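Undergrad: Just passing along the structure, written as structure tokens.
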Amino acid sequence: GAGVSQSPRYKVAKRGQDVALRCDPISGHVSLFWYQQALGQGPEFLTYFQNEAQLDKSGLPSDRFFAERPEGSVSTLKIQRTQQEDSAVYLCASSFGTGGNQPQHFGDGTRLSIL
Amino acid sequence: EDQVTQSPEALRLQEGESSSLNCSYTVSGLRGLFWYRQDPGKGPEFLFTLYSAGEEKEKERLKATLTKKESFLHITAPKPEDSATYLCAVQAGDFNKFYFGSGTKLNVKP
């Protein structure tokens, strides 16, 4: 497809388990972003990649959160030793350039529920 | 501290009843202001980008305007299919980080 694709769409895990969320950006998009969206709130920035380089990870809540984009295309957000407060929708977005001022195009997210 | 505030939190309109949504922001070095529409269970869908005060953009029944402190999304003669949450985001700083507001949930009744 032409849009940003995220998988799985839903993930249920027990507290303490590790999870991995995948993002396939729009082909050719250099910039990739991860956001966390709580119910009734706007998305909150987690991290930003330019190609394979992670240029900003200031929004990651703790060292249990880790993101990678090894070949500058697909990205994975990993959460280790999940906790109930990690329950949220995780959104991935991509944009064409690196110079800013460009809209980000979002996937439909992964809804993560921690029991 | 950079901040984006949207109002109202929720808005109910009758079909055909025009109104405006507000997005006020306090950021250093604004690079762009973006409006998105989000339907339940979906990711935000891009609507408009505004770069400088005085700029306006239109798309069907929607019109976005920008001043130095806020942006308005005007909805003219809305239809039920316009019901969604409308998100405002600002981009500032060296990278492409977006700061989102909490959104306005719009419900248009037939």
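Any read-out appearing in this document is the output of simple, stated calculations on the displayed coordinates, not a laboratory observation. Everything numeric in this text was worked out from a predicted model, so none of it was measured. Cβ: placed from backbone, ideal geometry, glycine included. Neighbour counts: every protein chain shown.
Undergrad: Would you call A:Leu60 in a loop (DSSP other than H, G, I, E, B) and surrounded by 15 or more Cβ atoms within 10 Å (Cβ to Cβ)?
TA: For A:Leu60, the condition - in a loop (DSSP other than H, G, I, E, B) and surrounded by 15 or more Cβ atoms within 10 Å (Cβ to Cβ) - is met.
Undergrad: Give the residue that is nearest to the other protein chains (Cβ to nearest Cβ), with candidates limited to residues of region A:63-86 that are crowded, with 19+ Cβ neighbours inside 10 Å and not in a strand (DSSP E or B).
TA: Selected residue: A:Arg69.
Undergrad: Restricting attention to region B:69-110, and to residues there that are within 16 Å of A:Gln104 (Cα to Cα) and hydrophobic (A, V, I, L, M, F, W, C), which single residue is nearest to the other protein chains (Cβ to nearest Cβ)?
TA: Ranking the qualifying residues of region B:69-110, first place goes to B:Phe100.
Undergrad: Here are some conditions: (1) facing chain A (nearest Cβ under 10 Å); (2) surrounded by 13 or more Cβ atoms within 10 Å (Cβ to Cβ); (3) over 24 Å from A:Gln6 (Cβ atoms). B:Pro44 meets all but one. Which one does it not meet?
TA: (3)
Undergrad: Could you figure out which of (1) buried (at least 20 other Cβ atoms within 10 Å of the Cβ); (2) touching a residue at least 24 places away in the same chain (Cβ under 8 Å); (3) of a type outside the set (A, V, I, L, M) isn't true of B:Lys79?
TA: Unmet for B:Lys79, out of (1) buried (at least 20 other Cβ atoms within 10 Å of the Cβ); (2) touching a residue at least 24 places away in the same chain (Cβ under 8 Å); (3) of a type outside the set (A, V, I, L, M): (1).
Undergrad: Going through region B:61-80 one residue at a time, which ones are closer than 29 Å to A:Leu39 by Cβ and either out of contact with any strand residue (DSSP E or B) (no Cβ under 8 Å at 6 or more places or on another chain) or of a type in the set (S, T, N, Q) (or both)?
TA: The one that is closer than 29 Å to A:Leu39 by Cβ and either out of contact with any strand residue (DSSP E or B) (no Cβ under 8 Å at 6 or more places or on another chain) or of a type in the set (S, T, N, Q) (or both): B:Ser71.
Undergrad: Related question: In the set B:Arg31, B:Arg37, which member is farther than 21 Å from B:Thr76 by Cα and either under 13 Å from the mean Cα position of the chain (by Cα) or within 13 Å of chain A (Cβ to nearest Cβ) (or both)?
TA: Answer to the selection: B:Arg31.
Undergrad: Now a separate question. So if I check each of B:Arg37, B:Arg12, which one is under 20 Å from A:Phe106 (Cα atoms) and in contact (Cβ under 8 Å) with a residue 40 or more places away in the chain?
TA: Going through B:Arg37, B:Arg12 in turn, just one is under 20 Å from A:Phe106 (Cα atoms) and in contact (Cβ under 8 Å) with a residue 40 or more places away in the chain: B:Arg37.
Undergrad: Follow-up. Restricting to region A:23-56, and then to whatever is charged (D, E, K, R) and surrounded by 15 or more Cβ atoms within 10 Å (Cβ to Cβ), can you tell me which residue is farthest from the other protein chains (Cβ to nearest Cβ)?
TA: Applying the filter and picking the extreme gives A:Asp24.
Undergrad: Take A:Gly40 and tell me if it is within 14 Å of the chain's Cα centre (by Cα) and at positive phi.
TA: no
Undergrad: Restricting to strands (runs of 3 or more DSSP E) lying wholly in region B:13-63: which have 1 or more residues that are closer than 16 Å to B:Ser83 by Cβ and hydroxyl-bearing (Ser, Thr, Tyr)?
TA: Values: elements: B:19-26, B:30-38, B:45-50, B:56-59.
Answer list for region B:13-63: B:19-26, B:30-38.
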